[in-house]
Amino acid sequence: MLKVTTDVINTAKVDDVETAIRKIIVPAGLDYAVDSIGYGPLIIDLLHSLGTDEKLCLIGIAGKLDLTGMDIMGESKQIIGLIEGDAIPKLIKYSKKGKFPVDKLMKFYSFDQVNQAFDDFTSGKVIKPVITFE
């Protein structure tokens, strides 16, 4: 049975992201991971948190990644880049299957709440603040 989690790990407060992920999910690792931030060290942590023969989908633009061949080849892991519109159909598919709880990751703010959106993002209260211009 698929276990979907919406737990949040504040990387500013956790020394070992991989261990924190494996405590939440299972020691064997994640079935898949989606990164929308593009921060290289976090991408590496997510890659290391995957189980054998699983996938990491990158939506954010990553700078240089410091990978070794064993990071991918050792356990047949895959890194998939989704550029702009490529991500939308796949994420919708995952969401419909209950594998990507987008509604729990996003929060909408009006333009006059932009400072609150930044504060909520910085504190970890929300993962993806979305500013609307109504």
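The values are calculated or read from the model by the stated rules, or taken from the named source; none is laboratory data. Please read these numbers as outputs of a predicted model, since none were measured by experiment. Note: ideal-geometry Cβ built from the backbone for every residue, glycine included; neighbour counts use all protein chains shown. Accessible surface areas use protein heavy atoms only, side chains included; no ligands, DNA or RNA. Shrake-Rupley method; radii C 1.70, N 1.55, O 1.52, S 1.80 Å.
Name the residue, out of Ile72, Ile37, Ile131, Ile92, that is part of a strand (DSSP E or B), open to solvent by 40 Å² or more (accessible area, probe 1.4 Å) and hydrophobic (A, V, I, L, M, F, W, C).
Criteria check complete, one pass: Ile131.
Would you confirm whether any residue within the stretch 50-58 is modelled with pLDDT of 85 or more, within 16 Å of the chain's Cα centre (by Cα) and of a type in the set (Asp, Glu)?
yes
Restricting attention to the stretch 95-126, and to residues there that are among the aliphatic types (A, V, I, L, M) and under 14 Å from the mean Cα position of the chain (by Cα), which single residue is most open to solvent (accessible area, probe 1.4 Å)?
Only one residue fits best here, namely Met106.
Considering the stretch 74-93 alone, what residues qualify as being modelled with pLDDT of 80 or more and either under 14 Å from the mean Cα position of the chain (by Cα) or closer than 19 Å to Lys128 by Cβ (or both)?
Ile79, Ile80, Gly81, Lys93 - these are the residues of the stretch 74-93 that are modelled with pLDDT of 80 or more and either under 14 Å from the mean Cα position of the chain (by Cα) or closer than 19 Å to Lys128 by Cβ (or both).
Limited to the stretch 104-134, what total is found for residues that are touching a residue at least 40 places away in the same chain (Cβ under 8 Å) and β-branched (Val, Ile, Thr)?
Counting residues in the stretch 104-134 that are touching a residue at least 40 places away in the same chain (Cβ under 8 Å) and β-branched (Val, Ile, Thr) gives 1.
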